[in-house]
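The values are calculated or read from the model by the stated rules, or taken from the named source; none is laboratory data. Keep in mind that what you see is a predicted model, and the values were worked out from it rather than measured. Reconstructed Cβ throughout: ideal geometry from the backbone, glycine too, with neighbour counts over all protein chains shown. Accessible surface is based on the protein model in full, side chains and every heavy atom, while ligands, DNA and RNA are left aside. Shrake-Rupley method; radii C 1.70, N 1.55, O 1.52, S 1.80 Å.
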Amino acid sequence: MSVAVSPAVLTDLESLSQLLQQLFAIEADFRYDPAKVRRGLMRLLQEEHACVMVARDGDIAIGMCTAQLVISTAEGAYSAWVEDVIVDKAHRGKGIGRQLLDGITAWAKKRGATRLQLLADIENIAALEFYRHHGWQTTQLCALRTGI
């Protein structure tokens, strides 16, 4: 298997949506809504301060992650919010997640980001172990949200 990691394109939309369906099935805070997911992906693909990175085995998308730049007053620079990290079940454990994070890190660095940050489901032990294995650290912050 030869995996290529690069920014996603419009023709990846359906495959990315299917990957997000897998992700949302294991995240308690989100419910998969195909119309909302496609709308969100379209916006990310069109946004200059965002990136959708995709891992492909040939023409098939087998993994993805997204990032968006925000301005961090603590850093005095951009910080990249990483989201939607998912590798298809059949392809996990082969280094694809690491390749995706490397790709999104390179994208963020090129744009002046000095930090990456993400939220992870506290019950997704496999994901937490993956991030810790790759040098991510837990912070003292917790996530809060409200609808508007």
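Yes or no, residue by residue, for (1) within 23 Å of Gln99 (Cβ to Cβ); (2) open to solvent by 40 Å² or more (accessible area, probe 1.4 Å):
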position	(1), (2)
Gln21	yes, yes
Phe24	yes, no
Tyr32	no, yes
Glu47	yes, yes
Ala50	yes, no
Ile62	yes, no
Leu69	yes, no
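Please give the number of the condition Val54 fails out of (1) within 15 Å of the chain's Cα centre (by Cα); (2) modelled with pLDDT under 95.
(2)
For Glu75, indicate whether it is out of contact with any strand residue (DSSP E or B) (no Cβ under 7 Å at 6 or more places or on another chain) and either over 17 Å from Ile26 (Cβ atoms) or of a type outside the set (Phe, Trp, Tyr) (or both).
When the stated conditions are applied, Glu75 does not pass them.
Taking the condition of being in contact with a helix residue (DSSP H, G or I) (Cβ under 6 Å, 6 or more places away or on another chain), in contact (Cβ under 8 Å) with a residue 60 or more places away in the chain and assigned to a helix (DSSP H, G or I), how many residues in region 1-52 meet it?
Total satisfying the criteria: 1.
Mind listing whichever residues of region 125-148 are within 15 Å of Glu27 (Cβ to Cβ) and assigned to a loop (DSSP other than H, G, I, E, B)?
Listed by number, the residues that qualify are Ala143, Arg145.
Give the residues of region 114-148 that are of a type in the set (Gly, Ala, Ser), more than 16 Å from the chain's Cα centre (by Cα) and under 21 Å from Gly97 (Cα atoms), sorted by residue number.
Gly135
Please find, within region 71-85, the residue that is most open to solvent (accessible area, probe 1.4 Å) out of those that are over 21 Å from Gly97 (Cβ atoms), in contact with a Lys or Arg (Cβ under 9 Å, 6 or more places away or on another chain) and part of a strand (DSSP E or B).
Out of the qualifying residues, it is Tyr78.
Do we find a residue being in a helix (DSSP H, G or I), modelled with pLDDT of 95 or more and open to solvent by 90 Å² or more (accessible area, probe 1.4 Å) anywhere in region 101-124?
Scanning region 101-124 turns up at least one residue that is in a helix (DSSP H, G or I), modelled with pLDDT of 95 or more and open to solvent by 90 Å² or more (accessible area, probe 1.4 Å).
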